[in-house]
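The values are calculated or read from the model by the stated rules, or taken from the named source; none is laboratory data. Worth saying up front: this structure is predicted, and the values here are computed from it rather than measured. Here the Cβ positions follow ideal geometry from the backbone for every residue, glycine too, while neighbour counts run over all protein chains shown. When the accessible area is computed, the model is the full protein with side chains, heavy atoms only, and any ligands, DNA or RNA have been set aside. Shrake-Rupley method; radii C 1.70, N 1.55, O 1.52, S 1.80 Å.
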Amino acid sequence: MIAKLKTWLRPAAFAWTPAEMFIARLGLALLLGYFAVRTHLIPFELVPEKENGLVKIMPLMWLLDPTALLVMRIVCGVTLVLFVFGLAPVLTFLPTLFTLCAMGSLRNSKGDIGHTTQVLAMSALAVWLCYVYAALRRREFWRVSVQTQRAAIFGIILMVSGSYVASGIVKMKATGGGWIGRVPSMSVQMIKANLSDYYSDPDDPISTTMTEKAPQFFIQHPVVAKVVFGTGLLLELGAFVLVLGRRWALLWGGSLVLMHAGISMLMDIEFWNHMALLGLTCVIPGVLALWRERRELVK
């Protein structure tokens, strides 16, 4: 059993098939289409109070005009379809990348940082830079090679893994290395997070389980709290193993997805972007690889 487990955890080279790469592009396009084209990133009567990001170096206030934003939505939608089929990705991916970063900059200027979209923007930038490099160095402009497509997907994994490791380091640095020791105080954060929706909308039902019973349980059982929340920190700090190969990506990526599901249940804080990116680049390809290996063994 142990020998089989060691074999299963063996670092393997990333070798996405064309079908898997198409699924990854389609999933990324749907994610970007939702956040860059739909209403989630439309500024809410937004006039920047403090310039942050792109607003400092280029005029972006024109995006606050509903007509201009509608045009950008249409452009992004059309070009994303072309991007999914791998056509001139340097051009077809750029409008959506620009819109995502521009809207994020405008919201951040208002103080709405939007942590859940940061990893999506970083991943999108990594993908685009891979295509730019291929266009400049390999003359791959209208169509890109399988090698370039794989590099673009790997760029997403690099950004995701880097963001988790950075998050873990920040937690350790901010607490002087004593984050796990302070974990029982997370009960207060659980209460605040679960009540935030209620204070924004009094008609939103309150879960007494998550605002009273669960926090009280973790206060009374600090060891359990340290195991539950401390495991999340270890997963973040060890997220660099996502780049080691399909098997490690499946194991660690799946664990991070479960971590986010637990955070969503306990604290009502959603990280759908992280879960989706992990699913598209780590979990789904890993499961498909294991399925293919099992089929070959059966044959």
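Annotations for the structure displayed:
- The string of couplings for segment 274-285 from the Karplus curve (6.51, -1.76, 1.60, θ = phi - 60°) is 4, 5, 5, 5, 4, x, 5, 9, 10, 6, 4, x Hz, one whole number per residue in order, with x for Gly and Pro.
- Karplus (6.51, -1.76, 1.60) ³J(HN,Hα), θ = phi - 60°, over segment 230-237, in Hz, Gly and Pro reported as x: x, 4, x, 5, 5, 5, 5, 5
- If you plug the beta carbon distance of Val71 and Trp272 into 1/(1 + (r/R0)^6) with R0 = 35 Å, you get a FRET efficiency near 0.80.
- Residues Ile263, Ile153, Ile57, ordered by accessible area of protein heavy atoms at a 1.4 angstrom probe radius and largest first, appear as Ile57, Ile263, Ile153.
- Site pair Met172 and Leu237 shows an inter-label distance of 0.4 nm when each label is modelled 7 Å from Cα along Cα→Cβ.
- Taking 0.36 nm per residue of sequence separation and removing the Cα-Cα distance, the Phe22/Arg295 pair yields an extension gain of 96.1 nm.
- Taking amide H positions as modeled 1.01 Å from N, with prolines and chain starts lacking one, the residues under 5 Å from Ala88 and 5 or more places away or on another chain are Arg143.
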